[in-house]
Amino acid sequence: MASRASSEVAAAGAHVEIPKLPKLGRTWYERGTLYWLCRVRTTVFLLVFMAIYGLFTFGLFQGVRDLLPSNARTAYDWAQVVLCCAALVWGWIKQRQGHRTALLDPPTPKQTWIAKRDHNRQAGRSAGFGAAGGRVLIALAAPVMPAFAAYLVGWLAAWTTVREYPSEVGARRWLQEHPSGT
């Protein structure tokens, strides 16, 4: 879905109230330097997150690997390589499919803010899961944690490299339907 130039959205002289979008503000409209700085900021944050998560996962992988007999380590290593490659590609494909689907029916700016609010509430509730419960889940998932990490890396890499987010497309469509900003 190609971006539309700001001059194409509204007639000359018409007052247009550009809606704010989460994390992008109003920068999405002209896609100038501030817009790209917002996108770079998100990408850098996710790169740091993926690096830290990858180190954590590598530590779990080494811990599980050290528990195995020496003759089983090679098979475990190769199984992890195959699983990680498949999970990385799967994460990329799933995100791109979801992105394509979201572009077919993009959210309005109001729907975007509601989804952001609901996501924040959900994240706040799941944060209280408890340290003991989280440790048990990590211990159970440790043998396949590298594959989870690879899936997450594939998904996040595909998400940060899209040309335009569905919220931007939805906001542009909303502006076309509501040129006065109402």
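What follows is calculated from the coordinates using simple rules that are stated; it is not laboratory data. Quantities reported herein were computed from a predicted structural model and do not represent experimental measurements. Because the Cβ atoms are built from the backbone with ideal geometry, glycine has one as well, and the counts that use them run over all protein chains shown.
Where in the stretch 148-172 does the amide nitrogen come within less than 18 Å of the point 7 Å from the Cα of residue 48, taken along Cα to Cβ?
157, 160
Using θ = phi - 60° and the Karplus form 6.51 cos²θ - 1.76 cosθ + 1.60, what ³J(HN,Hα) does each residue of the stretch 60-77 get, whole Hz, x for Gly and Pro?
Couplings: 5, 4, 5, x, 5, 4, 5, 7, 7, x, 4, 6, 8, 5, 4, 5, 5, 4 Hz.
Would you list which aspartates and glutamates come within 20 Å of residue 20, measuring only between C-alpha atoms, while excluding same-chain residues fewer than 8 positions from it?
Within the straight-line limit of under 20 Å, residue 20 reaches these aspartates and glutamates: 8, 30, 105, 118, 164, 168, 177.
What residues have an amide H closer than 5 Å to that of residue 21, excluding those fewer than 5 places away on the same chain, when H is modeled at 1.01 Å from N in the peptide plane?
Residues meeting the criterion, in which the H sits 1.01 Å from N, are 26.
Could you rank the peptides 152-159, 41-48, 164-171, 84-91 by their average count of other C-beta atoms within 10 Å per residue, with the highest value first? Spell out each step's value before the answer.
Details: 152-159: 19.6, 41-48: 13.0, 164-171: 21.5, 84-91: 17.4.
Descending mean neighbour count gives 164-171, 152-159, 84-91, 41-48.
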